[in-house]
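The values are calculated or read from the model by the stated rules, or taken from the named source; none is laboratory data. Since this is a predicted model, take the numbers as computed values, not measurements. Note that we place each Cβ from the backbone using ideal geometry, even for glycine, and neighbour counts take in every protein chain shown.
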Amino acid sequence: MALDNTTLKTIQSQLLSELDGAFLERPYALNYTHIAIPYHSGNNTENKGRGTLIIALDGENPFIVYSFDKFTKINDNSPFLNSLRKLQGTRIRNIKKAPGERVITISSEVKDVGIDVTDTGFDLIIELFPMHPNAYLVSYPYGKVVSAFKDRGDLSLKGYNGRGLKYSYPPLRTEVNSNLKSLEEIKPLLSRATYKHFEQYANKVGFEKALDDLINSKSLYLINEKIEPLSFDNANAQKIDINNIYSHYVSDQRKQARILKDKELIDTINKSLRIANKKMNNLEKDYSDAQKNLKYVDYGQLLYMAQADYVPGMKEIEVEGTTIPLDNKLTLVENANRYFKKYRKAKQAITTLAELINKTKYEITYLEKKRLDIENGSARDLMELKEELVINGYLKGKSQKAGKKQKSIKKKSYEPHYLNIGNAKIGFGLNDLQNETLTFEIARSNSLFFHVKDHPGSHVVILNGQDDNNIRTIACELALYLSHQKDGDVMYTEKRFVKKNKDKTGLVNILEYNTYTIKKIREESIELFKKELD
C-alpha cells in the first residue's frame, strides 16, 4: 500500500491536530521496521492526551499514524533507534508535509536547554517512498543529519542525505489544487489506485465537484484495503479513524512481537548448536585419528624385535610384513620409544576425547530440546527459559558475559504445567527449570516418569492416577506430542530411577526403564493437549 499524496496530506493534518504541543517519550521498536514513539499532552480526550506515534518503514507499506492501543516492545539496539531516544522529553512544535512529495517532517524543541545540553531541537524527517522508505534525524542548532534509518545513495551525487550533512528535500512538485481543469491535469498528481476512483467519481458527479470534494475532505476511507482521502461514493468505502489504521493493518502486534522475541532466542540457540556440532565434528575426527595412532604400540614392539636387521641411517624398516617409517637421526631404540610415546599420547587422548564427545552430545541434545521449548512455551515459559539459558551461559545476565555460567542463583521453584483428567493429574515441563521442579521436587519416588525415547523432550510425570492404563497411554502420547512426534517409543519408569545429569539443567540419566510404543497419537488426545497449551 503506497499512500497517495492527498491521503498523506490528510494524515499530516490529523497528526498536527493531535500532536501539536505534545511531549515525546522514549521510542521503542514494534518490529524491525516499525517504530513507536509514545507521547503525552496530546489533544485527544478519549485517551487523556496519551497515544503512540507510529512510523512504519517497510518497503511495501510505509505509513505514519498515531494509535491509542497498547503494544509489546521488542529488543532493538540499532543505531537509528538509539539516536531517536534524544527525542525523549522534547515538545512537538510542527508537523508538515513537503508539497507534492511523500515526506513528513516532525519538528520538536528541547524545553530545558542547560549547560550539558547541546541540542536545541530536532527534525524527524520521514520519507514514505514506496519500496525505498527512510527516516533521518536532524539536530539543531546546526541543522545536520545525525542518523538515518538506512544509509543509501552516493555521496558524490546531488541530493545525497547522510550524517554530518544538511538534509536535502526532494524537488517540490505540484499538489492537487483548485486550479486543475481536467482529468489529464490531475492524473500525474494521484496514485494509480486513487486516480481510478477519482475518474469514476468525476464521471459520475462532474470534475469540478469531484475536485472540490477531494480538496476539502478531512476524513480517511478504506477501499479495497487501501487508505484513500475520499469515499468517492464507492459502495465498499469504509470510514476509518487515523488511530485505528495501525491495528487494521497489524491485527496482532503482540503476537508478532513475541515471534520476533522467539526469533532472538532461536538465533541464540541455533548459533550455539552450530558451534556444538562443529565442535563435535572436530572431536570425532580427533578421536578417529587417535584410534589410528594406537598402532604405534605395535610399531615400538616390532622395532625391538628387529634390532639385528637394523642399519644406522635407515629411513624405514620392514618387520613381519609391516613397513615402519624411521627417523634416520635416531637409533632404533629411540625410534621405538618415540612410537611408544605417540601411543601413550593417543591412549590418553581417546579417554579425554570420549568424555568431551559425551559432554558435547548432551549439549546438542539440550539445545535441540530448547528449540522445542520455544515452540511449546507460553510467555511465562519463555521468560523462565531465558533464565535457564543465563544459568547455563548461553545468554548474558546482568553483569555477566555470555558463555560463562552464572556462579550463584537464588534458589526458587518453577511451577510446571498440569493436565487434569477426572481424578488423575499429569505434570509436564515446558522448560528444563520446570522439568527439574516437577521431577525432583514435586514427584514422589514411586511416581511414574515418562520421556520420549531417543529424542529431546519434556519430563512427564503422573502425579495421581498412574494405575489407570488410559492415563499411562495419555502420558506417553503427551511426551510424544511435546517432542513434535506423531508416534514412537516412550520410556517410563519410577522417579527413583531417574537421576540428575550434572552437565546440563533438565538432562537426566535413567537407570532402568520399560518402553511403551505409541503407533499414533489419538485425535481426542491431541485436542486435549491443544486446549491445555493454548
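Which one of Asn435, Asn376 is of a type outside the set (Ser, Thr, Tyr), within 22 Å of Met491 (Cβ to Cβ) and modelled with pLDDT under 80?
Working: Asn435 fails: modelled with pLDDT under 80.
Answer to the check: Asn376.
Can you find a residue in segment 104-111 that is crowded, with 19+ Cβ neighbours inside 10 Å, in contact with a Pro (Cβ under 8 Å, 6 or more places away or on another chain) and at pLDDT 95 or above?
no
Out of the residues in segment 1-58 meeting the condition of being β-branched (Val, Ile, Thr) and touching a His at 6+ places or on another chain (Cβ under 8 Å), tell me which one is nearest to Leu190 (Cα to Cα).
Step by step, filter segment 1-58, then rank; the result is Ile55.
Counting residues that are over 40 Å from the mean Cα position of the chain (by Cα), which helices (runs of 4 or more DSSP H) fully inside segment 245-358 reach at least 1?
Per the criteria, 253-292, 296-305.
Return only the number of the condition from (1) in contact (Cβ under 8 Å) with a residue 60 or more places away in the chain; (2) touching a strand residue (DSSP E or B) at 6+ places or on another chain (Cβ under 9 Å) that Lys504 does not satisfy.
All conditions pass for Lys504, except number (2).
Just give me the residues in segment 486-507 being within 20 Å of Asn358 (Cβ to Cβ) and not hydrophobic (A, V, I, L, M, F, W, C), in sequence order.
Narrowing segment 486-507 to residues within 20 Å of Asn358 (Cβ to Cβ): 491, 498-507.
Matches in segment 486-507: Lys499, Lys500, Asn501, Lys502, Asp503, Lys504, Thr505, Gly506.
Would you mind stating whether Lys70 is under 22 Å from the mean Cα position of the chain (by Cα) and surrounded by fewer than 16 Cβ atoms within 10 Å (Cβ to Cβ)?
Spelling it out, Lys70 is indeed under 22 Å from the mean Cα position of the chain (by Cα) and surrounded by fewer than 16 Cβ atoms within 10 Å (Cβ to Cβ).
Among (1) touching a Ser or Thr at 6+ places or on another chain (Cβ under 8 Å); (2) closer than 29 Å to Lys361 by Cβ; (3) among the aliphatic types (A, V, I, L, M), where does Val460 come up short?
Every listed condition holds for Val460 apart from (1).
Please find, among Ile391, Ile421, Ile409, Ile364, the residue that is modelled with pLDDT of 85 or more and not assigned by TED's automatic domain parsing to the domain that holds Leu273.
Details: Ile391 fails: modelled with pLDDT of 85 or more; Ile409 fails: modelled with pLDDT of 85 or more; Ile364 fails: not assigned by TED's automatic domain parsing to the domain that holds Leu273.
Only one candidate qualifies: Ile421.
Mind checking whether some residue in segment 383-391 is of a type in the set (Lys, Arg), part of a helix (DSSP H, G or I) and in contact (Cβ under 8 Å) with a residue 60 or more places away in the chain? Explain how you work it out, then say what you get.
Taking segment 383-391 and keeping what is of a type in the set (Lys, Arg), we get 386.
Within this subset, residues satisfying the condition of being part of a helix (DSSP H, G or I) are 386.
Applying the additional criterion that residues be in contact (Cβ under 8 Å) with a residue 60 or more places away in the chain yields 386.
Yes, segment 383-391 contains a residue that is of a type in the set (Lys, Arg), part of a helix (DSSP H, G or I) and in contact (Cβ under 8 Å) with a residue 60 or more places away in the chain.
Test of understanding: among Ile266, Ile324, Ile275, which residue is under 30 Å from Gly393 (Cα atoms) and in contact (Cβ under 8 Å) with a residue 24 or more places away in the chain? Before you say what the answer is, go through the steps one by one.
Values: Ile324 fails: under 30 Å from Gly393 (Cα atoms); Ile275 fails: in contact (Cβ under 8 Å) with a residue 24 or more places away in the chain.
Result: Ile266 is the single residue among Ile266, Ile324, Ile275 that is under 30 Å from Gly393 (Cα atoms) and in contact (Cβ under 8 Å) with a residue 24 or more places away in the chain.
Part of a helix (DSSP H, G or I), buried (at least 19 other Cβ atoms within 10 Å of the Cβ) and either of a type in the set (A, V, I, L, M, F, W, C) or modelled with pLDDT of 95 or more (or both), is that true of Leu3?
Spelling it out, it is not the case that Leu3 is part of a helix (DSSP H, G or I), buried (at least 19 other Cβ atoms within 10 Å of the Cβ) and either of a type in the set (A, V, I, L, M, F, W, C) or modelled with pLDDT of 95 or more (or both).
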